[in-house]
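Worksheet for the structure shown next.
The values are calculated or read from the model by the stated rules, or taken from the named source; none is laboratory data. Note that this is a predicted model, so its numbers are computed, not measured. Using ideal geometry, Cβ is built from the backbone for each residue, glycine included, and neighbour counts are taken over all protein chains shown. Areas reflect the complete protein model, heavy atoms only, side chains present, ligands, DNA and RNA absent. Shrake-Rupley method; radii C 1.70, N 1.55, O 1.52, S 1.80 Å.
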Amino acid sequence: MSPTQWDLPPELCCRPLAFVALTGLDVVYNAVHRAIWDAFCANRRADRVPISFKVLPGDHEYPKCRTKRTSYEWYIPKGILKTGWMNKHLNLVPALVVLFYELDWDDPQWKEKQSECATKVEIVRTSLQGRNTKVAVVLIQKKTPLPPGEDVVASERASALCNACDLSGKSLFVLPHTDHLVGYIIRLENAFYEHAQTYYYTEIRRVKSHKEFLNKTTHQLLFVRHQFKTGFFSELKQDTQNALKYYRTAYGLVHELRAHETNMLEIKTMAGFINYKICRLCFQHNTPLDAIAQFRKHIDLCKKKIGSAELAFEHTAWMSKQFQSFGDLFDEAIKVGLTAIQTQNPGFYYQQAAYYAQERKQQAGQLCSHEPNVGYPTPDPLDTPGAALDFYGQRAWRQGHQSIDPPDPEKEKKGILALQLKEKDIPHSVRVQTDFVILILFSSKDPVKKMLCPSHRHTHMVQMGEEYYHAKDYTKALKLLDYVMCDYRMERWWSLLTSILGTALKCSYLMGHVKDYITYSMELVGRASTLHSEQKSRIEKNLIKVLMNEVPDPEPECDPLSVKAARALWNERVSLAGSNEFTIEVQDYVPFVQCKAKFLSPSFHVDDPVQLNVYLRADCPHPLRFSKLCISLSNQEYNQYCVVEEPCNSKDILEPSIQENMCLVPGKIRKYSFKFVARFEDVGKKIEITGVDLMLGSDSGRCVYLNWRGGGGDAASSHEALQASRSFKRRGPASDSLVNWDTVTIQASTMVISRVPKVSLQLRHEPPALNNEMYCITVTIESQENTAAKDVKLTAGLKPGQDANLTQTTHVTMNGGEMCDDSHPALLPDIPIGDLQPGQKSLFARCVTTGSRIFLFHVSYTMNTSVEGKEITCKCHKDETVTLETVVPFEVAVKFVSTKFENLDRVHVDVPFLLMTDILSASPWPLHLVTSQLQLAPTMAAIDQPESQVEEIVLQTGESASECFSLKCPPVPTGTSSIVCYIPLLWKSTCAETPVISTVVTLPHVMVETIPLYVHADLPSFGRVRESLPVRYCMQNRTGLVQDVEMTVEPSDAFMFSGLKQVRIRILPGAEQEMLYNFYPLMAGYQSLPVLNITLMRFPSVAPALLRRFLPSRIFVKPQGRPGDASIAAA
Amino acid sequence: MAVCVAVIAKENYPLYIRSVPTQNELKFHYTVHTSLDVVEEKVSAVGKALADQRELYLGLLYPTEDYKVYGYVTNSKVKFVIVVDSSNTSLRDNEIRSMFRKLHNSFTDVMCNPFYNPGDAIQSRAFDSVVSGMMVQAC
């Protein structure tokens, strides 16, 4: 009853090849023969013809051929297929026997050799008596043959040899033993192959010819046999298409057989064989869907053909084998290049095979549980006279029996009993079986893995785990189950998780693994398990026993023998002192105690106690007592405050209230509140709950710490929280007495923040600040503390983190008496104020640029206070910021004008001009101008002593003040230069007692030019009509050269004049030339003077128009007074 | 008709599983769980572009030896799985479709219940009776 009984015979599984026997070769001693043989069998690749060769001695006895039956009339077949048949045709009966013989055409002893050869052929023929096997002769020759037709001797002798051996010409070959051996061999092979095909063709014809003798009633078995045989011969002939056709017919015929209990096994076996052949050919023809369809049909047809109920395990074993072999075929096809899909892959079939193997084991367990006194029947009914059965799938004790009823009921019973006992009694039966199942599963794991099908794999792993459990390899079982458990837990398939946990619990019980046992039972009792409450209650009782350091009751459905062993293990564990403390990380499980910890607030002030609630809820059926609850926080110094502990074992009767407190009632939520004062050093830090530990059991017995990382919660709680948040059941804040578990959220961390300061910080100032002003901000700090504030420190100034330019252009000082400059910082840190009674501080800030900036005022102090009766020193601080806008106080506009108040874009050397400044106040406050002072560049000189004209003036917003200075540029050596001068202004804002601020206004550049000739005119301030008007023009040569000047006076309608109208004169360097004219006005009013054109011959660039600017262009002419007109005279 | 009917949440945990009581319930759970991979594969194979006009009915997920497993995915990715005895050859594809449609309608009714919290196990009596109706026909 070895598992191999169900294996398909190897001759069925191999690919049939035409069988050709080679005789007359001495491969051991003859090198030439050896080389020939090697050429035949080496390198048999796919491109060579499919033949299997065998070297046989010349006098080899081939299987005897039975005498052919002439009539089937009285013949009753004994079975479908003989066990030896396939092997016979694959390996024993050749399609062709080739006789190798060393003979050259020109051999001197030709006659003798020829007759020897003929004898050898005859011997072969005799041993093949009755078979259609062909015989061929190969002559091994040393010489290369001549082309056919040329060697007359050869052809002559060849035909002679053929006659002598009774061979046809096609069966005689020549093999020259020369260089091209392999080429000759391949040609020979092809010729052999043709002969073999003819042989198998005739065989097929022969088998077919039997058909007409058969009748449907008695020869049903033969129909199947013959179809199978033709199929097999077709395969040997390499005609796979026809082979498939024959096999299909055979398959149909098998199921037409009258099936009854006695021949069921035979029918199934044959059906399995034929099915295998069909599937194999289908895959070979690359029609996998046909193969799958055939296999499904096969399984559907055979599934119900259980046969004898007492031997049901045989059926499942057979089914398992069917699936496995199909899986193998499929897998092989994939290796060759077929692509599988997820729904159709070998893994499936392996899985089914495994499933049936498991079922077989179960059935074997049921059917083979005989009383121990039932002995193995003697004589052994399974013993067969020969080595093997005659026919496939028959019973050893009634071979060849084909009628419906068993020939001998007594024998039948004995046979069945023997089979059952074999199934059970082979010492390692279960073990072997299990390994077999695991083997199948392992082999199936691979394609499934390839198909990326995680849930499939999980199912497999569960199956494997269970197999290991049955095989009592609990460690391996647990390893597998643990792995799968996590995934099922994550996917929330509680029903599956529960079933795995059940197995795992059994494993851990049987191994005596205390920790695992506790872990699994914890989860089985918890809310994720789908067990009934009785089962939960049983497990919890066991768990409590374990916690009390007692031996738990065995799990149901365990092997009694193993239970015995386990009990001993547990007793050992119990007696063993020490190592009775376990910590179980329950975060990743769904334990039966739920825990949620929360800080009551996300932040606590340092002067308030930190409050923390831990909620516990048990889901187990019975109340549970724990002995300690402690919480670990990120700062371990607080841990001591967060412990609930049984006060003392001896006194516990006296304090029932505490007892009450330490008991978790199923379904009820228990709340534990903790309170502690945060340490002063932790201000600004986070306090986190790093873990919650719940101790079950006791120190004396066995104690188990359930450890939750962080603020509790387990594998299922996050999803539950999510569902609860969606739920309509969510109500408002639950009252303290009745907490809704789902609404409790975990708050695992809190911040300790500093105490709320009780000081007020007032800022007094008047925005906006003026640019450059010493802006005064008055800070008033008022303490409202009960005790004195110590170490008060003020930090004031520009708030850090603003634009870097602002830092450079803002200066802060405490000293308002002096101006601050770049050396002053932008922020004054930690100005000590000392122990403060309310006080004031003034601060001056100077903003050099305009724009808005933020000032920060930060007061810090320490003080003592008491929290919960504990004295602590608190640091408090208060910040105040203010945004300050800076504006420009005034704007200064400057312009240069000529003495005629004409705008100048350049000034001329030694020609006086005016500088005018307008100061426009932009300040929102009245602006007090103290004074101004003109600072001239050395290239410029004031004509008179310049004095400030804006001294002590107060400008309101929008008002402006003007100044005017008369200036002159002394001659400069270079032709042109530019001059700059400054006006420093002293001013202050009138509203505050601030120092006088000096602002320097830079005047714009102006170009200074020298002119070669200076012209000015002397003329009276007015003229009178028809009265002579003397005009003197002075021309001054300012160069070091003699100048030629051409002067013309253009006539004018308003004047007559006397003097030189056009003249050319020469002026010496530095000299002055006067020109005198008498103008005689003809009309009254403003009149244009006759235009004087001066052309400098040496300086053509100096235009007359430029010089004309120095001269008056118009004059007022009064009308002629009447003589004696007093009024006019008076005017 | 059906031997097992299951409703699986978007996150692949069961909302509802019922099977014929006579047989090993756990086995059906494994069968349904195993089918989820095929469902995922089929859904993702359709491609994102066609997601809108996707056919909800996924057809035969895979045949096991004894059962045929059919799948259906709603637009909200809730999966329905129906397991049918493979010996029941009279069952046509159309009938499976109509079963799924019925199941979907009933599921929609459940979802419309304001007191039902999506994601919780289905405990509706009406839904139960619809499922029973599908299973009863088998007997």
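Quick check on this structure: which one of B:32, B:83, B:69 is without any contact (Cβ under 8 Å) to a residue 40 or more places away in the chain, buried (at least 21 other Cβ atoms within 10 Å of the Cβ) and not acidic (Asp, Glu)?
The unique qualifying residue is B:69.
Scan region A:93-122 for residues that are surrounded by 15 or more Cβ atoms within 10 Å (Cβ to Cβ) and not in a loop (DSSP other than H, G, I, E, B) and report the count.
Residues in region A:93-122 being surrounded by 15 or more Cβ atoms within 10 Å (Cβ to Cβ) and not in a loop (DSSP other than H, G, I, E, B): 14 in total.
Any residue in region A:192-203 that's in contact (Cβ under 8 Å) with a residue 40 or more places away in the chain: show its pairings with residues that are part of a helix (DSSP H, G or I) at Cβ separation under 6 Å, as long as the two are six or more apart or on different chains.
What qualifies is A:200/A:233; A:200/A:236; A:203/A:233.
When only residues in region A:332-357 that are part of a loop (DSSP other than H, G, I, E, B) and within 13 Å of chain B (Cβ to nearest Cβ) count, which is modelled with the lowest pLDDT?
A:342
Could you grab me the full set of residues in region B:103-120 that are more than 22 Å from residue A:721 (Cα to Cα), free of Cβ contacts under 8 Å to residues at least 40 places away in the same chain and open to solvent by less than 80 Å² (accessible area, probe 1.4 Å)?
Selection gives B:106, B:108.
Got a sec? Which of A:299, A:267 is touching a residue at least 12 places away in the same chain (Cβ under 8 Å), within 14 Å of chain B (Cβ to nearest Cβ) and either open to solvent by less than 50 Å² (accessible area, probe 1.4 Å) or within 44 Å of the chain's Cα centre (by Cα) (or both)?
One residue alone meets the criteria, A:299.
Does region A:176-193 contain any residue that is in a strand (DSSP E or B), at pLDDT below 85 and open to solvent by less than 40 Å² (accessible area, probe 1.4 Å)?
Within region A:176-193, one or more residues are in a strand (DSSP E or B), at pLDDT below 85 and open to solvent by less than 40 Å² (accessible area, probe 1.4 Å).
Would you mention how many residues in region A:123-164 are modelled with pLDDT under 85, aliphatic (A, V, I, L, M) and open to solvent by 70 Å² or more (accessible area, probe 1.4 Å)?
Total satisfying the criteria: 3.
Please work out if residue A:74 is open to solvent by less than 60 Å² (accessible area, probe 1.4 Å) and aromatic (Phe, Trp, Tyr).
The answer is no for residue A:74.
Would you check which residues across region A:694-745 are modelled with pLDDT under 80, polar (S, T, N, Q) and touching an Asp or Glu at 6+ places or on another chain (Cβ under 9 Å) and list them?
A:698, A:725, A:727
Can you pull out the residues in region A:583-612 that are over 37 Å from the mean Cα position of the chain (by Cα) and outside any strand (DSSP E or B)?
A:606, A:607, A:608
For region A:514-523, name all the residues that are open to solvent by less than 30 Å² (accessible area, probe 1.4 Å) and either in contact with a Ser or Thr (Cβ under 7 Å, 6 or more places away or on another chain) or within 13 Å of another protein chain (Cβ to nearest Cβ) (or both).
Passing the criteria: A:517, A:520, A:523.
From B:138, B:126, grab the single residue that is modelled with pLDDT under 90 and within 15 Å of residue B:5 (Cα to Cα).
The conditions single out B:138.
Mind counting the residues in region A:603-645 that are open to solvent by 40 Å² or more (accessible area, probe 1.4 Å) and in contact with a Pro (Cβ under 8 Å, 6 or more places away or on another chain)?
3
Consider residue A:707 against the criteria (1) away from chain B (no Cβ under 14 Å); (2) part of a helix (DSSP H, G or I); (3) not aromatic (Phe, Trp, Tyr): it satisfies all of them except one. Which criterion is unmet?
Result: residue A:707 fails condition (2) only.
Scan region A:21-38 for residues that are buried (at least 18 other Cβ atoms within 10 Å of the Cβ) and touching a residue at least 24 places away in the same chain (Cβ under 8 Å) and jot them down.
A:21, A:22, A:23, A:24, A:25, A:33, A:36
Pairs needed: first member in region A:851-872, without any contact (Cβ under 8 Å) to a residue 40 or more places away in the chain; second member anywhere, part of a strand (DSSP E or B) and of a type outside the set (A, V, I, L, M, F, W, C); C-beta distance under 7 Å; at least 6 residues apart or different chains.
Partner pairs satisfying both residue conditions: A:852/A:883; A:852/A:885; A:871/A:864.
Out of all the residues in region B:7-29, which are more than 11 Å from chain A (Cβ to nearest Cβ) and not hydroxyl-bearing (Ser, Thr, Tyr)?
Those that are more than 11 Å from chain A (Cβ to nearest Cβ) and not hydroxyl-bearing (Ser, Thr, Tyr): B:7, B:10, B:18, B:20, B:21, B:23.
Would you pick out the residues in region A:711-728 that are small (Gly, Ala, Ser) and without any contact (Cβ under 8 Å) to a residue 60 or more places away in the chain?
Selection gives A:718, A:721, A:724, A:725, A:727.
When you check residue A:961 against the structure, is it in contact (Cβ under 8 Å) with a residue 24 or more places away in the chain and part of a strand (DSSP E or B), yes or no?
yes
In region B:104-124, is there at least one residue being touching a Lys or Arg at 6+ places or on another chain (Cβ under 9 Å), more than 14 Å from chain A (Cβ to nearest Cβ), outside any loop (DSSP other than H, G, I, E, B) and farther than 19 Å from residue B:14 by Cβ?
No: zero hits.
In region A:462-513, how many residues are away from chain B (no Cβ under 14 Å), surrounded by fewer than 23 Cβ atoms within 10 Å (Cβ to Cβ) and of a type in the set (Asp, Glu)?
Of the residues in region A:462-513, 2 are away from chain B (no Cβ under 14 Å), surrounded by fewer than 23 Cβ atoms within 10 Å (Cβ to Cβ) and of a type in the set (Asp, Glu).
Looking at region B:1-30, which of the residues that are among the small types (Gly, Ala, Ser) and part of a strand (DSSP E or B) is farthest from residue B:67 (Cα to Cα)?
Looking at residues that are among the small types (Gly, Ala, Ser) and part of a strand (DSSP E or B), I get B:6.
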